[in-house]
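J.: Before we start, here is the structure in question, set down as structure tokens.
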Amino acid sequence: MARMLGQLRAVVARLNGASSLAPLPLLQHNLTSPNLHQVRTAVGAFNSQGSDSLWKSITIVSKNGARRGRGKKTNSRLIKDLYKGVALGTGQGDNKMVWPGLNTSVLRGRQVVQQGKMEEKEDPNAAVKEAKDEVQSRRKLHPLDRGFTSVNVCGRNLKNTTNLNFHEDFDFRVIDSRNVSHMTGMFGRYQQAATVVACGNGNGVIGLGAGKALTRNSSIQKAANRAIIRLVHVERYNNSTVLHDFFSQYYATKIFVTRKPEGYGLNCHRVIALMCRLIGIKDLEATVEGSVMPMNIAKAFLLGLVQQKKYEQFAEEKKLHVVEFDPKRRNYPSVLASPEVCRSNVEIPTSESIDFNQHALGGKVRFEKPKRAPFFVRLKGWEIHLKRTERRRGAKTNEYELMAKYGELNSFLTAKYPEAVRPGATPKE
């Protein structure tokens with residue numbers, strides 16, 4: 001207390017031009033002076049430094065620390081308001097006041113600071129908030145444009161998710177995207193972004209391209225430019241599926257593709273399904289064996305599509321008719337292609353296989369695991385059911401086979417007895 005009185009006496013004496021040994025009653029005439037303010041004597045980092053320097057002291061990273069990879073997320077941190085919830089000073093609110101001695105200095109040069117409203121300052125977090133809002137807006141994508149996952153760009157529609165330049169008539173999709181690096185003697189580890197892009201118009205045309213660059217967008221643009229100049233036309237059957245079953249292999253990736261009827265859908269790997277949508281194939285089944293690297297899968301599938309043969313080529317190779325048994329037409333035979341000179345049954349050796357799928361697959365027929373028998377076939381009631389339905393079992397199937405083979409339903413006695421026809425049919429004359 002004595003120390004504070006001594007300091008107060010020295011201040012009053014300095015203001016009145018008197019010595020520090022002047023009597024104490026002089027204070028009663030000068031305590032109301034506008035130039036007299038209480039001064040904090042405690043000195044420390046929290047009193048001598050502002051909030052900006054305090055936050056910078058705990059968020060800044062030295063040069064050596066930056067080289068080691070520290071402080072990568074320093075710029076994305078929000079600066080906390082130290083005066084949040086405080087009524088006086090720079091707290092949040094519309095009425096921000098200047099309080100001399102509390103939130104500002106008493107003297108500004110030789111001028112005494114008066115109480116008043118504070119000037120509006122720019123928000124220090126405006127740039128960080130704007131960047132975060134922009135990132136969040138980019139994440140809000142349409143479900144059909146999100147691709148395989150929401151984290152990576154693979155499978156995304158590049159026209160709707162990027163600002164790059166693409167051809168208007170083609171749809172561009174990312175098949176694979178990853179970071180690659182190699183060690184150099186001069187620059188050390190040299191990192192790049194590698195991207196594989198496929199483009200198609202949905203009408204039998206597809207292109208595949210790959211590119212590397214220092215940034216992700218540059219690699220995407222380079223891969224898209226290469227894909228658009230490497231277009232390939234793919235033959236389709238009824239504009240819905242492939243011409244025939246085929247087997248394709250690229251390095252350690254093996255693909256077995258099976259043609260399916262209209263309305264079946266795409267039952268295959270996601271990379272193959274993406275390429276089918278770009279081409280315009282709607283019904284397909286494919287199985288991938290071996291390596292599942294997206295680049296190898298795309299090249300193996302595209303190689304198999306390009307190597308497809310037309311039915312006329314199969315007919316000329318085997319010198320036989322190409323006949324289709326469509327289940328939709330009760331396996332009624334229809335000739336798809338015929339050779340110029342067809343071989344007879346005598347000219348076909350017994351060791352030669354005339355199976356179309358085996359010839360199309362190159363002898364590499366996919367092994368299909370037999371289905372497991374249901375549990376009820378081991379019950380006694382199943383045997384009773386088979387005995388009861390033995391007379392009419394397979395009757396409908398036999399009718400369809402006779403219609404497909406002879407064109408009508410006849411008994412083996414029809415040739416000898418023309419009047420022996422099924423009920424409701426007119427006998428031949």
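J.: If R₀ is 41 angstrom, what is the calculated FRET efficiency for the pair residue 400 and residue 292, using the beta carbon separation as r and rounding to 0.05?
T.: My answer for the efficiency is 0.45.
J.: Say a paramagnetic label sat at a point 7 Å from the Cα of residue 385, along Cα to Cβ; which residues of region 363-377 have their backbone N under 13 Å from it?
T.: In region 363-377, the label zone of residue 385 (backbone N under 13 Å from the point 7 Å along Cα→Cβ) covers 374-377.
J.: Could you give the length gained on full extension between residue 229 and residue 317, defined as 0.36 nm per residue of separation minus the Cα-Cα distance, in nm?
T.: Roughly 28.3 nm would be gained on extension.
J.: Going 7 Å from the Cα of residue 366 toward and past its Cβ, which residues in region 228-249 have a backbone nitrogen under 11 Å from where you end up?
T.: Only 245-248 pass the distance filter.
J.: How would region 265-388 be classified by its alpha-carbon gyration tensor: rounded, prolate or oblate, with rounded meaning a/c under 1.5 and the a/b versus b/c comparison settling the rest?
T.: Note, shape of region 265-388 comes out oblate.
J.: For region 144-306, just list the percent of Cα-Cα distances falling in each 5 Å bin from zero outward, please.
T.: Computed distribution, short to long bins: 2, 9, 18, 21, 19, 15, 9, 4, 2, 1, 0, 0.
J.: Give me the extension gain from residue 306 to residue 117: residue separation times 0.36 nm, minus the current Cα-Cα distance, reported in nm with one decimal.
T.: In short, 60.4 nm is gained.
J.: Ranked highest first by the average count of other Cβ atoms within 10 Å around their residues, in what order do 214-225, 306-317 fall?
T.: 214-225, 306-317
J.: Just to compare against my own numbers: the Cα pair-distance distribution for region 309-369, 10 Å bins, whole % per bin, please.
T.: Once binned at 10 Å, the Cα pair distances of region 309-369 give 20, 46, 31, 3.
J.: Between residue 334 and residue 127, what is the label-point separation in nm under the 7 Å Cα-to-beta-carbon projection?
T.: Result: 6.9 nm between the two label points.
Every number in this text was worked out from the coordinates using simple rules, so none of it is lab data. Everything numeric here is computed off the predicted structure, so don't read it as measured data. All Cβ positions, glycine included, derive from the backbone under ideal geometry; neighbour counts span all protein chains shown.
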